[in-house]
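As structure tokens, the structure follows; a few thoughts come after it.
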């Protein structure tokens, strides 16, 4: 194999474990490959940052300066500025492989570069952020540091063949036992527990320190040496001391060390008695393996990526349970940044383990020195580099020939990888009309995508030659629902079955009501998954009425026709390429005796959208009139009625709800989920609807009560805000707001109800 050139993208300069990983790994890799590194970092890593190139000999060597090409600084969340550093990266370095070593979700890392891409990620939870995960899926390979992380990312939906374990390591020439190491503050003869790692909820920093003070009294000669500065903490404290004072952890027995040099850090590990690390999760935990390599007895939580090297060694702490990864009161991250789960350590067990480490120190030290030899021998950067050699060769070999990848996830996409510098003219053609809907020219290691995300019988041509014709037979298709409305979901689901029947394909469905629908026999051939969960499939289509951020109706990329101008069912049929047809599959359930004695009518006075609702006083008057006719009125609502003429049935389970509707003489409702449920039970609905056009909802088994005074929904000039369902485009903020619903009188509804009931007899 010709030695490939590697272009690496990483945060290289700094003092964190992640920075150390990047430096040590690429230094070793450079012994075999030609490497250039584009460095991304944050100015506030360094005190006294200036426009001058960063040059700290504590952390950078000559080999680093040869590799580094430029420095990019994050000045804001979405702005990066480039500064030239050491050497200028030019076109003379025609690289073959990109390695993106990233611990964060940042779009800048994922620019389209020539050559195959390898993502190398050390993540700490059981699940990656969705946007970040989607970027990782674009890589040709994904490297992770541990088998634990490999299992997590495959469980999330990553193709198993793409995921490789490339462990981190430790520099055994630097991190090793040294009985002669000296630090002045160790001369006091007191026992020293060490905490090296930033203050953070994931690291359990506060809980570890609290456990220490609970276990060891003031009379015992035991101290804590902590280096826990966190420049990214979002708690508002300017210094570690102020932070510790706030949590009542500032104590003479706590020795705070701010940003020790690398030499000092090594001495602390070599000289300290016990290393403390009891994180809720770790992708790898470089400080822990470095402490173990130094022969220091080490305490750690018995979980996650650190078990790759620590299992069976040191002093593990029991795990109590799994908890949501979204942190506690002092988390440095937002909810979107930390999906998945953490492992909650048993902090009572931690106290026992610390006591054992203190009381039986000589025994544990002897064992730790023995274990350090195994750590240093097995987990070397040379070994990590050799493992990566194999995977780099695999990527290069696969890329020698042009590889064309065609996918249909919310629009057709063509990607061509390979070393050749050829041009390719790609055409996306509708087979039924022979119309070219999109075309363009790409080169190797580029992609092109058509914006039409709904179903089209695609033909893909490359340089005039037909390369692919979409055929879904016996393939897996994912259909996602961009709606939390039960009504919309019930309108769409029968069309999903029609799509499956037409194409003879397997369907994976993503809705917000999976637990309901997967229990219904009519949908037993569909596989339901949770929203936003990736799934291997040949194509994906998303059902919904789409708008842009300004409330404009979709321009034809997601919906073929403006969705507010067509019936709700047609929204699904158009997206799925089916003829418009109203289908009532029916809902099967275990039929129970009538839950209400005598004749009764069900009502549904509520809707997700407030603009659909009819005044509550009207419902009470209607119930009073029906009561006089001998009908009980049963409200299937979550809000309470104080009227004596209405029986309230709240929070019914699925079967009980069906049963109440099935045995009722009639259902009176709005354009809402309950009406659609009643429709699928093939029962009659009287629908009160003033602003939607006739036929927008279903047309079978329905009597509509409407006044036709409003056309706001179908007006193309109206921009509906999905976050404001009470909006009234014509009369917002006036007494006439929602007059289309208010104009429907009790008498109008009552007469429609009685007409149906009398004709029914």
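The values are calculated or read from the model by the stated rules, or taken from the named source; none is laboratory data. A quick note: this is a predicted structure, and the numbers were derived from the prediction, not measured. Cβ coordinates were reconstructed from backbone atoms using ideal geometry, including for glycine residues, and neighbour counts include every protein chain displayed.
When the residues of the stretch 216-238 are filtered to those that are in contact with a strand residue (DSSP E or B) (Cβ under 9 Å, 6 or more places away or on another chain) and part of a loop (DSSP other than H, G, I, E, B), the one that is surrounded by the most Cβ atoms within 10 Å (Cβ to Cβ) is 228.
Only one of the listed residues (302, 285) is in contact with a helix residue (DSSP H, G or I) (Cβ under 9 Å, 6 or more places away or on another chain) and under 24 Å from residue 28 (Cα atoms). That residue is 285. Mind checking which pairs have a first residue in the stretch 226-241 that is assigned by TED's automatic domain parsing to the domain that holds residue 272 and a second that is outside any loop (DSSP other than H, G, I, E, B) and exposed (fewer than 14 other Cβ atoms within 10 Å of the Cβ), Cβ under 8 Å, 6 or more apart or different chains? Once the first residue is assigned by TED's automatic domain parsing to the domain that holds residue 272 and sits in the stretch 226-241, its partners that are outside any loop (DSSP other than H, G, I, E, B) and exposed (fewer than 14 other Cβ atoms within 10 Å of the Cβ) give 231/44; 237/246. Determine if the stretch 422-430 includes at least one residue that is surrounded by 15 or more Cβ atoms within 10 Å (Cβ to Cβ) and modelled with pLDDT under 95. Checked against the condition, which is being surrounded by 15 or more Cβ atoms within 10 Å (Cβ to Cβ) and modelled with pLDDT under 95, the stretch 422-430 yields at least one hit. Would a scan of the stretch 482-496 turn up a residue that is surrounded by fewer than 16 Cβ atoms within 10 Å (Cβ to Cβ) and assigned to a strand (DSSP E or B)? Checked against the condition, which is being surrounded by fewer than 16 Cβ atoms within 10 Å (Cβ to Cβ) and assigned to a strand (DSSP E or B), the stretch 482-496 yields no hits at all. Scan the stretch 467-478 and give yes if some residue there is within 30 Å of residue 699 (Cα to Cα) and either under 27 Å from the mean Cα position of the chain (by Cα) or modelled with pLDDT under 90 (or both), otherwise no. Yes, the stretch 467-478 contains at least one residue that is within 30 Å of residue 699 (Cα to Cα) and either under 27 Å from the mean Cα position of the chain (by Cα) or modelled with pLDDT under 90 (or both). Would you check if there is a residue in the stretch 706-720 being modelled with pLDDT of 80 or more, in contact with a helix residue (DSSP H, G or I) (Cβ under 9 Å, 6 or more places away or on another chain) and not assigned by TED's automatic domain parsing to the domain that holds residue 486? No, the conditions are met nowhere in the stretch 706-720. Of the residues that make up the stretch 160-170, is at least one in contact (Cβ under 8 Å) with a residue 60 or more places away in the chain, assigned to a strand (DSSP E or B) and crowded, with 16+ Cβ neighbours inside 10 Å? Yes, the stretch 160-170 has at least one match. Checking each residue in the stretch 339-356 for being in contact with a helix residue (DSSP H, G or I) (Cβ under 7 Å, 6 or more places away or on another chain) and more than 13 Å from residue 207 (Cβ to Cβ) picks out only 355. The residue that is nearest to residue 409 (Cα to Cα), among those in the stretch 431-449 that are surrounded by 14 or more Cβ atoms within 10 Å (Cβ to Cβ) and in contact (Cβ under 8 Å) with a residue 24 or more places away in the chain, is 449.
One line per residue, one yes/no per condition, for (1) crowded, with 24+ Cβ neighbours inside 10 Å; (2) over 18 Å from residue 370 (Cα atoms); (3) in contact (Cβ under 8 Å) with a residue 40 or more places away in the chain:
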residue: 258; (1), (2), (3): no, yes, no
residue: 265; (1), (2), (3): no, yes, yes
residue: 271; (1), (2), (3): no, no, yes
residue: 274; (1), (2), (3): yes, no, yes
residue: 277; (1), (2), (3): yes, yes, yes
residue: 282; (1), (2), (3): yes, yes, yes
residue: 286; (1), (2), (3): yes, yes, yes
residue: 292; (1), (2), (3): yes, no, yes
residue: 295; (1), (2), (3): yes, no, yes
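Restricting to the stretch 643-668, name every residue that is within 37 Å of the chain's Cα centre (by Cα) and under 23 Å from residue 624 (Cβ atoms). Passing the criteria: 649, 650.
Taking the numbered list (1) under 33 Å from the mean Cα position of the chain (by Cα); (2) at pLDDT 95 or above; (3) part of a helix (DSSP H, G or I) in turn, residue 279 passes all entries but (3). Restricting attention to the stretch 1-38, the residues being modelled with pLDDT under 75 and under 26 Å from residue 259 (Cβ atoms) number 8. You will find that of 128, 120, the residue that is assigned to a loop (DSSP other than H, G, I, E, B), out of contact with any helix residue (DSSP H, G or I) (no Cβ under 6 Å at 6 or more places or on another chain), under 17 Å from residue 18 (Cβ atoms) and not assigned by TED's automatic domain parsing to the domain that holds residue 532 is 128 and no other.
Those strands (runs of 3 or more DSSP E) of the stretch 622-703 in which at least 2 residues are closer than 23 Å to residue 748 by Cβ and at pLDDT 90 or above, considering only elements entirely within it, cover 632-635, 667-669, 685-688. Within the span defined as the stretch 140-155, one or more residues are in contact with a helix residue (DSSP H, G or I) (Cβ under 6 Å, 6 or more places away or on another chain), in a loop (DSSP other than H, G, I, E, B) and in the same structural domain as residue 22 (by TED's automatic domain parsing).
Condition check ((1) in a loop (DSSP other than H, G, I, E, B); (2) at pLDDT 90 or above; (3) surrounded by 14 or more Cβ atoms within 10 Å (Cβ to Cβ)) across all residues:
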| residue | (1), (2), (3) |
| --- | --- |
| 542 | no, yes, yes |
| 549 | yes, no, no |
| 575 | no, yes, yes |
| 579 | yes, yes, no |
| 590 | yes, no, no |
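Restricting attention to the stretch 505-521, which residues are more than 22 Å from residue 128 (Cα to Cα) and either modelled with pLDDT of 85 or more or not in a helix (DSSP H, G or I) (or both)? If the condition is that a residue be more than 22 Å from residue 128 (Cα to Cα) and either modelled with pLDDT of 85 or more or not in a helix (DSSP H, G or I) (or both), then 505, 506, 507, 513, 518, 519, 520 are the ones that fit.
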